[in-house]
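Worksheet: the structure to be examined is printed underneath.
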Amino acid sequence: MYSPGDGSKIASVQQVTEEEFDGIVEKAHEAFLEWRKIPAPKRGEVVRQLGLALRENKDDLGALVSLEMGKIIAEGEGEVQEMI
């Protein structure tokens, strides 16, 4: 992955085979089946904690989104705010 700003390499990605992909999807489905068994208040607490972690790292995550997408910092932070 290369920065649209200056063309420098910022990350690398590994592709998976079709079989590996199918396995990943199956594991995600299994996780969903377990997740839906958890009472809503506990699921809500997990989501709240994720939001807190995003807030605590908003500046760094916003900078990363900006670098990856070639956006200004404010737009990168806006993307993170949408996740929150």
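Per-structure values
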read-out: Count of the stretch 44-84 residues which are among the hydroxyl-bearing types (Ser, Thr, Tyr) and in contact with a Lys or Arg (Cβ under 8 Å, 6 or more places away or on another chain); value: 0
read-out: Residue satisfying all of: in the stretch 2-16; loosely packed, with under 10 Cβ neighbours inside 10 Å and under 17 Å from the mean Cα position of the chain (by Cα); farthest from Ala63 (Cα to Cα) among these; value: Gln14
read-out: Any hit, the stretch 35-54, residues being surrounded by 10 or more Cβ atoms within 10 Å (Cβ to Cβ), in contact (Cβ under 8 Å) with a residue 24 or more places away in the chain and outside any loop (DSSP other than H, G, I, E, B); value: yes
read-out: Conditions (1) closer than 14 Å to Ile84 by Cα; (2) open to solvent by 100 Å² or more (accessible area, probe 1.4 Å): number failed by Glu19; value: (1)
read-out: Positions within the stretch 55-78 being open to solvent by less than 70 Å² (accessible area, probe 1.4 Å), outside any loop (DSSP other than H, G, I, E, B) and not small (Gly, Ala, Ser), in sequence order; value: Lys58, Leu61, Val65, Glu77
read-out: For Met1: the one exception among (1) touching an Asp or Glu at 6+ places or on another chain (Cβ under 8 Å); (2) free of Cβ contacts under 8 Å to residues at least 12 places away in the same chain; value: (2)
read-out: Odd one out for Ala31 among (1) in contact with a strand residue (DSSP E or B) (Cβ under 9 Å, 6 or more places away or on another chain); (2) surrounded by 10 or more Cβ atoms within 10 Å (Cβ to Cβ); value: (1)
read-out: Some residue of the stretch 5-13 being in a helix (DSSP H, G or I) and either touching a residue at least 24 places away in the same chain (Cβ under 8 Å) or farther than 22 Å from Glu82 by Cβ (or both); value: no
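The values are calculated or read from the model by the stated rules, or taken from the named source; none is laboratory data. Computed from a prediction, not measured in an experiment: that's the story for all the values here. Because the Cβ atoms are built from the backbone with ideal geometry, glycine has one as well, and the counts that use them run over all protein chains shown. Keep in mind that these areas ignore ligands, DNA and RNA; they rest on the heavy atoms of the full protein, side chains included. Shrake-Rupley method; radii C 1.70, N 1.55, O 1.52, S 1.80 Å.
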